[in-house]
Amino acid sequence: MSILYKLLAAQLRKPSGLFGSVFMGSILNKANTRINLLTIELMDIKPTDYVLDIGFGGGVTIQQISKLAYNGKTCGVDFSEPMVRQGEKRFRRLIEQGRVELRLGDIARLPYQDNIFDKVCSVNTVYFWTNQLENLLEIRRIMKKDGRLVVSFHSREKMKKMRIFQYNFSLYSPEEVQGLFNQSGFRNVHIERRDEDKKRDVIMVIGNS
């Protein structure tokens, strides 16, 4: 059973192979519906905003953001090739119209110039960051002055109760992520929390660049 959990945890981190190509997009979209909607709500997206989703997975956030930033641009970066390929197919028309742009890339070196984005989000990826402080500094680099970052995740308190998250996941408290935001120079940093049930919560740390 532990081997199965390890395999599933690896797919959650980075969908790959046949299983990742066929199943993981829809699994991620379904599992993350609530946290994605709350994240988009807190981003306060304006029609002309340039918005980036880091680790867009199944792409449901890309769809919703593009509807709000209809006179701006919606970008997504993911280090899973199957997720990028699926997104390119799914959003082909919006990509051709120049409203959506998807790229293969890693949070450690985002494939964008400085000072581009008004809003940035990342949902359920902080568990996999290899250097949290440097990653947040890299996000700040590509954000405009006074831009808004929302990083959403489930707390260590809840996730440690589920066996699958013992593998390949680094778990955090809300205060730990808030501290990383402060250390990396974000301003007006605060925590929004929604308790879903006994097994799961939604934590959103918000800050201005």
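Condition check ((1) touching a Gly at 6+ places or on another chain (Cβ under 9 Å); (2) over 22 Å from residue 67 (Cβ atoms)) across all residues:
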| position | (1), (2) |
| --- | --- |
| 97 | no, no |
| 113 | no, yes |
| 119 | yes, no |
| 123 | yes, no |
| 132 | no, yes |
| 149 | yes, no |
| 153 | no, yes |
| 168 | no, yes |
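Please specify each residue of the stretch 151-167 satisfying the condition of being surrounded by fewer than 18 Cβ atoms within 10 Å (Cβ to Cβ) and either of a type in the set (Ser, Thr, Tyr) or within 17 Å of the chain's Cα centre (by Cα) (or both).
Matches in the stretch 151-167: 167 only.
When residues of the stretch 161-209 are filtered for being modelled with pLDDT under 95 and assigned to a strand (DSSP E or B), how many remain?
Adding up the residues that qualify gives 5.
Given (1) under 29 Å from residue 47 (Cβ atoms); (2) among the β-branched types (Val, Ile, Thr); (3) assigned to a loop (DSSP other than H, G, I, E, B), where does residue 84 come up short, assuming only one miss?
The one condition residue 84 does not meet is (3).
Quick one: how many residues across the stretch 107-150 are outside any loop (DSSP other than H, G, I, E, B), surrounded by fewer than 19 Cβ atoms within 10 Å (Cβ to Cβ) and in contact with a strand residue (DSSP E or B) (Cβ under 6 Å, 6 or more places away or on another chain)?
Summing the residues that are outside any loop (DSSP other than H, G, I, E, B), surrounded by fewer than 19 Cβ atoms within 10 Å (Cβ to Cβ) and in contact with a strand residue (DSSP E or B) (Cβ under 6 Å, 6 or more places away or on another chain) in the stretch 107-150 gives 2.
Any residue in the stretch 134-162 that is farther than 17 Å from residue 31 by Cα and touching a residue at least 60 places away in the same chain (Cβ under 8 Å) sitting within a Cβ distance under 8 Å of a residue that is of a type in the set (D, E, K, R) and in a strand (DSSP E or B)? List the pairs, counting only those 6 or more apart or interchain.
Between residues of the stretch 134-162 that are farther than 17 Å from residue 31 by Cα and touching a residue at least 60 places away in the same chain (Cβ under 8 Å) and residues that are of a type in the set (D, E, K, R) and in a strand (DSSP E or B), the close pairs are 143/118; 144/118; 147/118; 147/119; 148/118; 148/119; 149/119; 150/119.
The values are calculated or read from the model by the stated rules, or taken from the named source; none is laboratory data. Bear in mind the structure is a predicted one, so any value in this text is a computation, not a measurement. Note that we place each Cβ from the backbone using ideal geometry, even for glycine, and neighbour counts take in every protein chain shown.
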